[in-house]
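Have a look at the structure below before the remarks.
What follows draws every value from the coordinates through simple rules; no lab data is involved. No experiment lies behind these values; they were computed from the predicted model shown. Here the Cβ is made from the backbone with ideal geometry for all residues, glycine too, and neighbour counts use every protein chain on show.
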Amino acid sequence: MSSVLDAPEDSAWFDAVSQLASSWGFGQVMLAILPRPGMRLEDAFIRTNYSNAWRQSYSDHNMAYFDPTVTHCATRSSPLIW
């Protein structure tokens, strides 16, 4: 956990988060942060280890606007474990 908190830049931070998630049995990780309410989903800070092909398809089809996981995360503070 300290490697997550002490990471010197976002790539090292996400590597540490991914390793932590992997140790808990999660193979895929996506983190998205909207720094302020009302911000467009397209402007979110996103880090993920999902494949580029999946991310491109997701983006091309605007799936964030009807994805129930996005709705959950936008309306609750509890994590979503899939």
>> I'd like the distance between the alpha-carbon centres of the range 1-44 and the range 46-82, rounded to an integer number of Å.
In response: 13 Å
> With the contact rule set at Cα under 8 Å and sequence spacing of 6 or more, what percent relative contact order holds for the chain?
Replying inline: 16 percent
> Highest GNM mean-square fluctuation, the chain, Cα pairs closer than 10 Å: which of MET63, MET39, MET30?
Replying inline: MET39
> Distance in nm between label sites at ALA21 and ASP43, each 7 Å beyond Cα in the beta-carbon direction?
Replying inline: 2.5 nm
> Based only on the alpha carbon positions, what is the Kirkwood hydrodynamic radius of the range 2-75, in angstrom?
Replying inline: 13.7 Å
>> At 222 nm, what value in deg cm²/dmol follows for the chain if DSSP H runs of at least 4 each add -39500 (n - 2.57) and the sum is divided by all its residues, to the nearest 500?
In response: -12000 deg cm²/dmol
> Using alpha carbons only, how many degrees (0 to 90, rounded to 10) separate the axis of helix 10-23 from the longest principal axis of the chain?
Replying inline: 80 degrees
> If you place +1 on the Cβ of every Lys and Arg, -1 on the Cβ of every Asp and Glu, and leave all else neutral, what size is the dipole of the chain about its Cα centre, to the nearest 20 Debye?
Replying inline: 260 debye
